[in-house]
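Notes follow the structure.
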Amino acid sequence: MNVVVHQAKKTIVSKTILDVENLTFPSNAIVMIIGPNGAGKSTFLRTISGIDKDSIRNVDINQRKDIPTDSLNHMVQQTYLFDLSVEENLRLGGKGIESLDEKVEELLVKLDLLTLRKEKCRNLSGGEAQKVAFARTILSEKPLILLDEPTSAMDVKATKRCEELIVELNRKCGITFLMTTHNPSQALRIGHQILIMDQGKIVEAGTPEHIQNETLDPAAQSYLENWRVAHA
Amino acid sequence: MTGLREGMAEAIRLILGFDPEILKIIGLTLLVTLSSTFFASILGIPLGSWIGFTSFRAKRPIVRSLNALMGLPPVVAGLVVYLLLTRKGPLGTYGLLFTVPAMILAQILIVTPIVASLTISGIHMKVKAVKETCMGLGLSKFHTIQLLLYECRYPILSAIAAGFGRAIAEVGAIMMVGGNIQYKTRVLTTAIVLETGKGNYGKALALGIVLLLIAFIVNWGIGLLQERGNHERRRTSS
């Protein structure tokens, strides 16, 4: 899946929220986007998927200017689960796909949701709800999946499961993942490429090795230093 | 006090005696109120959903206008319908003035903005999250609207209840276009006005008690449906 961002821009009352130009995402890769609060990570994903209608969007997805809903899924940051059961919510993510039953079953098992399958989603904890939203997003295995902090409310075990699933889907099906996180170690763990954003711009881009070993842009360096200090 | 006591005794006698006129009045009241609420919901829910779901330039003024129309004076609605249906009016040839359809029409005019406006409020609470989630999953517009209406079922039910409450308590418009004709267009509210004017407090009280009971039962039923949903939430989230 080729994603080329010619321009992605958003301004609110003369403040630039997002300003990204001429960026080509590597195909079939896991791209992790990190950066401080308000860096524009979510807005960037929302612009790519077309959810943000106020942004300037000039993005090609597989040489298409429009938003290919048939080949793109996006898990937004504020996950919303419908007032249905866990299983019914999952099924919404796989409308019209073959072997839906098996895929639902498989994800329920892999994400430890089997005992909750008939449970109404309003009764789930924050982490459980996030697992359902994550499962719903990846279920149809579309070629491009955008994940906005998909594991922010999950415990360590669930986070690990999700990371394994992302890596597995990328390896087996060649799915391209664009994922934001507030956890640089997660980005370094599973990302093929890492983008560091600050004040709406991409200030650093490269492989995990590059991010760890090379001299970085001062804003990126400062962000990572702060994180290292906090987690020392 | 004596008048009130006598009135209460008379009211109980009339209700328990199944007075034929009172039964007719109750029947007509239910027919007019339920029909107008039904048709106002048929109009107001899709209208409110559409306005709540879509973004367009004139949305704010339209929503404000609908909110303002929630307070539409019934006599004004009655006057409009009267002018439409009067013999010299545009719909005068149908001979609908002083008939039940005219009363239903007047109430539809009053209730529709209430249902539409409260539907918009309900939709407004969820539309962003539902739309974004559905878009993120690549669901069709039709499917998105279906899910949105499902998610907003309780606020929509409240909108219908509010519309019914307004319709059953309404007197000015239906008096104007119905004419309060015995056995033909006399409903509980107009009958209460008439009987009070005539000094028949017993009959007026009996009608008032029945009116209260109907409003109470219908709203109780709708409230129960809503509470069931909320109760499930509270019970399971504790």
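The values are calculated or read from the model by the stated rules, or taken from the named source; none is laboratory data. Predicted, not measured: the structure shown is a model, and the values here were computed from it. Glycine gets a Cβ as well: all are built from the backbone with ideal geometry, and neighbour counts include every protein chain shown.
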So in the stretch A:66-88, with the set limited to residues that are within 14 Å of chain B (Cβ to nearest Cβ) and not in a loop (DSSP other than H, G, I, E, B), which one is surrounded by the most Cβ atoms within 10 Å (Cβ to Cβ)?
A:Val86
Residue match in the stretch A:18-34 (condition: over 17 Å from A:Gln193 (Cβ atoms) and among the polar types (S, T, N, Q)):
no
Odd one out for A:Thr16, checked against (1) more than 14 Å from chain B (Cβ to nearest Cβ); (2) in a strand (DSSP E or B); (3) buried (at least 18 other Cβ atoms within 10 Å of the Cβ)
(3)
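Looking at the stretch B:106-141, which of its residues are within 14 Å of another protein chain (Cβ to nearest Cβ), polar (S, T, N, Q) and surrounded by fewer than 21 Cβ atoms within 10 Å (Cβ to Cβ)?
So the first thing to find is which residues in the stretch B:106-141 are within 14 Å of another protein chain (Cβ to nearest Cβ), and the list is B:122, B:125-141.
Now restrict to residues that are polar (S, T, N, Q): B:133, B:140.
Result: B:Ser140, single match.
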Is it the case that the stretch A:138-160 has a residue that's out of contact with any Ser or Thr (no Cβ under 6 Å at 6 or more places or on another chain), surrounded by 17 or more Cβ atoms within 10 Å (Cβ to Cβ), in contact (Cβ under 8 Å) with a residue 60 or more places away in the chain and part of a helix (DSSP H, G or I)?
yes
Take the residues of the stretch A:89-129 that are in contact (Cβ under 8 Å) with a residue 40 or more places away in the chain, assigned to a loop (DSSP other than H, G, I, E, B) and surrounded by 15 or more Cβ atoms within 10 Å (Cβ to Cβ): which is farthest from the other protein chains (Cβ to nearest Cβ)?
A:Leu111
Does the stretch A:40-51 hold any residues that are at pLDDT 95 or above and either more than 14 Å from chain B (Cβ to nearest Cβ) or in contact with a Lys or Arg (Cβ under 8 Å, 6 or more places away or on another chain) (or both), and which are they?
A:Gly40, A:Lys41, A:Thr43, A:Phe44, A:Thr47, A:Ile48
Candidate set: the stretch A:52-65, residues that are within 13 Å of another protein chain (Cβ to nearest Cβ) and touching a residue at least 12 places away in the same chain (Cβ under 8 Å); chosen: the one surrounded by the most Cβ atoms within 10 Å (Cβ to Cβ)
A:Ile61
Where B:Gly92 falls short, out of the listed (1) crowded, with 24+ Cβ neighbours inside 10 Å; (2) at pLDDT below 95; (3) not acidic (Asp, Glu):
(1)
Filter the stretch A:176-232 for residues that are in a helix (DSSP H, G or I) and β-branched (Val, Ile, Thr); the one that is surrounded by the most Cβ atoms within 10 Å (Cβ to Cβ) is A:Ile211
Going by the conditions given, is A:Pro36 assigned to a loop (DSSP other than H, G, I, E, B) and more than 9 Å from chain B (Cβ to nearest Cβ)?
yes
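Can you tell me which residue in the stretch B:162-209 is surrounded by the fewest Cβ atoms within 10 Å (Cβ to Cβ), limited to those that are of a type in the set (D, E, K, R) and within 29 Å of B:Leu91 (Cβ to Cβ)?
B:Lys184
Every residue, every condition in (1) surrounded by fewer than 19 Cβ atoms within 10 Å (Cβ to Cβ); (2) within 13 Å of the chain's Cα centre (by Cα), yes or no:
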| position | (1), (2) |
| --- | --- |
| B:Leu30 | yes, yes |
| B:Ser35 | yes, yes |
| B:Arg57 | yes, no |
| B:Ile62 | yes, no |
| B:Pro74 | no, yes |
| B:Phe98 | yes, no |
| B:Pro101 | yes, no |
| B:Ile104 | no, yes |
